[in-house]
Structure formats: structure tokens, C-alpha cells
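For reference, the structure discussed in these notes is given below.
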């Protein structure tokens, strides 16, 4: 189960910045504009997240509930979550956008694994 969880939140390896059309999102207001009234999705895992402006995260993956909290700190999206009783520790992540259609989160302030979500 832990291995599956790691896969869900580290779907792709980190890529060079902007080499693939992704541009860093360093401003909280820009981030909020991207996600406002949208769902972050990875269809393969039936993963859907609502990242709400009030600092809450709500969603599900593979039929199990996800809850959490987030804050914007020093240009990074910092979050902690719970996936149906499995704690997902605090981590600050680099956010990058590819237009208004995709957003990529890379753990450890851009130094770790990343996951690409479609914005619906």
C-alpha cells in the first residue's frame, strides 16, 4: 500500500524547468487563479483533488478520501494530507503550469519527484 501511495504522488521524474512548456508559478495569486473552481486530476489513479483558497485540500484517490491543509510559503506550495488514514507528511513543492490545462508539483522545493495534474 505504501508503495502504491508513493506512486500516486510521484508519477513522473522531475524535468528541467520550462524545457517541456511548464513555467514556474511563484506567486500565490497566480496559483489561486489557476486552480479556482477547478479539480486537479490524474485519471489513471482516479485521483481528484480540490485545493481550496481557504487552505483546505479535499479529494479522493482510488476510492479513498483525501483531506489536508496547504499554505503558500516563500514561493512554494506547502501541504500535509491524509489519505484514508495514511498520513502524508508536510512538504513544500515547486508548482509549474503548462498553460491553464496542466499543473506540475515537484516535492522538496523542486528537487524531488513530480506529479502532473490536469485541471478540469
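Extending 7 Å from the Cα toward the beta-carbon at both residue 46 and residue 69 defines two label points whose distance is 3.0 nm.
In what order do 67, 106 fall by count of nearby beta-carbon atoms within 10 Å, going from fewest to most?
67, 106
Rounded to two decimals, the Cα-based Rg/Rh of region 48-103, with Kirkwood Rh, is 0.98. Regarding region 25-66, what's the average projected area of the Cα-atom convex hull, expressed in nm²? Averaging across all directions leaves 3.2 nm² for the Cα convex hull. The relative contact order of region 12-120, computed from alpha carbon pairs under 8 Å that lie at least 6 residues apart in sequence, is 26 percent. Here 76, 90 are placed in order of increasing Cβ neighbour count within 10 Å, fewest first, which gives 90, 76.
Based only on other Cβ atoms within 10 Å, what is the fewest-to-most ordering of 35, 88? List each step's numbers first, then the result.
Values: 35 21, 88 17.
Neighbour counts put them in this order, fewest first: 88, 35.
Inter-label distance, residue 58 to residue 113: 2.8 nm, where each label sits 7 Å from its Cα along the C-beta direction.
Values in this text are rule-based calculations from the coordinates and carry no lab data. Not measured: the values here are computed from a predicted model. Cβ atoms come from the backbone with ideal geometry, glycine included; neighbour counts cover every protein chain shown.
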